[in-house]
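The values are calculated or read from the model by the stated rules, or taken from the named source; none is laboratory data. Keep in mind that this is a model prediction, so the values were computed, not measured. Cβ: placed from backbone, ideal geometry, glycine included. Neighbour counts: every protein chain shown.
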Amino acid sequence: MKFVIIGNGVAGTEAAIALRHRESDAQITIISEESDHFFSRTALMYILSGQLSHRDTEPYERDLYARMNFVRVRARALGVDTKGHQVRLAGGLDPVPYDRLLIACGSRPRPAPWPGSDQAGVGHFVTHQDLTWLERELHGGVSKAGPAPQADAHLAYSSPDSPYRVRPVAAELRGRLARTGAVIGGGLIGIEVVETMLAAGISPHFLIRERWFWPVAINQDESTWMAQRMREHGVHVHLQREVERFVVQDGAITAVRTVDGEDLPADVAVVTIGVLPNTDWLAESEIQRQQRGGAIVVGPDLRTSDPDVFAAGDCAAVEWFNGMRRPEQLWYTGRDQGRVAARSIMGDDVRYKRSHWYNSAKLMDIEYTTAGLVDFGFDDMWSWFLEETGTVRSTTRIVCRGQRVVGFNMLGRRWDHRVLIRWIAERRSLSWVLDRLQQAAFDTEFVPRLRIPDEKRRQATQPA
Ligand SMILES: Cc1cc2nc3c(=O)[nH]c(=O)nc-3n(C[C@H](O)[C@H](O)[C@H](O)COP(=O)(O)OP(=O)(O)OC[C@H]3O[C@@H](n4cnc5c(N)ncnc54)[C@H](O)[C@@H]3O)c2cc1C
């Protein structure tokens with residue numbers, strides 16, 4: 001058997017390992033344009049802010065390929081010939097034949113639509129090459145975390161529209177590092193970039209088109225609270241402000257011009273307006289993709305429209321609990337899908353079904369934990385909200401349908417999502433959960449307990 005996997009992210013790598021555990025003789029080839037080694041994309045910001053080295057962010061030893069007898073092909077795939085069972089490669093390389101193919105090609109940044117976006121100083125923060133670019137703009141290429149494992153991670157034949165291409169560096173044109181910066185787009189990646197700019201001594205402009213920051217994850221109360229914390233750190237938060245263009249001088253940007261005509265000084269601008277399935281390269285291939293967004297359509301067994309081709313991770317449109325089909329774009333769902341895809345490829349009768357949603361992150365110095373449904377707008381959904389203003393500053397939002405708790409959105413304290421998820425699965429009531437909330441606390445022993453005032457406890461029934 002010849003198994004070929006496109007992508008050495010979490011979905012592709014976990015699939016390869018699962019295949020090897022059962023198929024010791026199979027030929028397993030992994031094609032990756034971005035990097036030689038699997039790394040944790042979620043940890044990119046910690047490299048940039050100097051908290052982790054490149055090596056720290058690689059979940060496996062660098063001898064993984066040798067130990068597992070994986071064939072590494074560092075190249076850009078240009079398409080899949082489903083009839084001839086082969087993957088076409090850029091750069092005149094020989095096509096790679098397969099019996100079964102897994103596509104795990106991840107996400108690419110949503111491109112910036114404004115004039116000047118192609119000039120030096122404008123970029124994204126999704127790929128390893130984005131990291132290298134931003135390291136050069138902010139730190140002159142010398143990462144506080146040590147040298148990058150594959151220099152520029154640049155392939156000479158990488159196409160100009162590839163998310164893994166190398167970008168021009170404004171700091172090199174200008175002859176000095178960036179002193180001012182802007183982050184455009186208010187989501188998780190946006191706030192991570194804000195943090196890396198703060199760590200580099202820049203107080204960035206943070207432009208958000210919506211009425212509040214990160215609307216897919218937090219509500220207006222939580223966002224107002226977060227914006228206040230960001231301003232305390234020196235971030236210039238601009239809500240409901242849109243970009244008109246980048247102001248450019250001698251090939252490098254100098255400012256972001258807003259539609260209301262203000263020029264916000266920016267030697268570097270990072271555009272974080274979302275990600276899209278990274279599937280443009282499949283345009284000529286006979287593999288069904290969604291019309292909107294381009295995610296690869298898969299069945300519950302993660303098989304695509306072609307019986308020998310499977311897809312997993314950020315690029316795959318899987319079925320959600322409410323029947324909707326779209327990608328999940330999370331680290332742990334990518335890992336789970338990779339493992340399920342491997343079993344499906346080997347012929348097991350297996351279905352991918354995600355359990356309860358959860359995620360956690362650290363937004364500057366603010367802990368964030370979410371579990372279950374917090375933003376799905378069912379008619380009978382309501383929220384219980386508590387803002388804590390003492391030595392610890394936090395917000396606690398517990399979302400219910402009727403009397404049953406269905407979700408948690410927590411900022412400022414650490415919570416054990418496993419306990420929260422168990423309570424959701426056990427269909428606990430709000431008053432039951434409030435009585436035991438401390439059991440899910442994950443703060444260190446020195447952090448004072450969350451106190452729930454009596455009048456807040458009395459609000460534990462659904463408002464009329
Ligand atoms: C900055 C940042 C922070 C994040 N933080 C979190 C978080 O806190 N929690 C969370 O759950 N998720 C987070 N995510 C999302 C998470 O990282 C992704 O969901 C996950 O990494 C996707 O894994 P994947 O294996 O599907 O794809 P990827 O990791 O994107 O891997 C794609 C692979 O495909 C290869 N590839 C693509 N196209 C081609 C081609 N044409 N030819 C050859 N190779 C190709 C690339 O080389 C790469 O190896 C974050 C993402 C980013 C960018």
Exercise for review: Scan region 361-370 for residues that are within 13 Å of the ligand (Cβ to nearest atom) and either farther than 23 Å from residue 389 by Cβ or of a type in the set (A, V, I, L, M, F, W, C) (or both) and jot them down.
Suggested key: 361, 363
Review point. Do the conditions hold for residue 443, that is, is it modelled with pLDDT under 90, surrounded by 15 or more Cβ atoms within 10 Å (Cβ to Cβ) and not assigned by TED's automatic domain parsing to the domain that holds residue 222?
Key: yes
Exercise for review: State whether one or more residues within region 32-49 are surrounded by fewer than 18 Cβ atoms within 10 Å (Cβ to Cβ) and on the phi > 0 side of the Ramachandran plot.
Suggested key: no
Point to revise | Entirely in region 236-350, the strands (runs of 3 or more DSSP E) that have 1 or more residues that are within 15 Å of the ligand (Cβ to nearest atom) and either modelled with pLDDT of 95 or more or in the same structural domain as residue 191 (by TED's automatic domain parsing) (or both) | key: 268-271, 275-277, 309-311, 316-319
Revision key, fill the gap. Those residues of region 42-79 which are within 28 Å of residue 2 (Cα to Cα) and among the basic types (Lys, Arg) amount to 62, 67, 72, 74, 76
Point to revise | Filter pass, residue 47 being β-branched (Val, Ile, Thr), in contact with a Ser or Thr (Cβ under 9 Å, 6 or more places away or on another chain) and not in a helix (DSSP H, G or I) | key: no
Exercise for review: Give just the number: which of (1) within 11 Å of the ligand (Cβ to nearest atom); (2) of a type in the set (D, E, K, R); (3) modelled with pLDDT of 95 or more does residue 36 not satisfy?
Suggested key: (3)
Exercise for review: Please go through region 259-285 and pick out each residue that is among the acidic types (Asp, Glu) and under 22 Å from residue 162 (Cβ atoms).
Suggested key: 280, 284
Check your understanding: When you look at residue 12, is it in contact with a helix residue (DSSP H, G or I) (Cβ under 8 Å, 6 or more places away or on another chain) and either assigned by TED's automatic domain parsing to the domain that holds residue 336 or crowded, with 18+ Cβ neighbours inside 10 Å (or both), yes or no?
Key -> yes
Exercise for review: Go through region 168-199 and give me each residue that's within 16 Å of the ligand (Cβ to nearest atom), part of a loop (DSSP other than H, G, I, E, B) and surrounded by fewer than 23 Cβ atoms within 10 Å (Cβ to Cβ).
Suggested key: 187
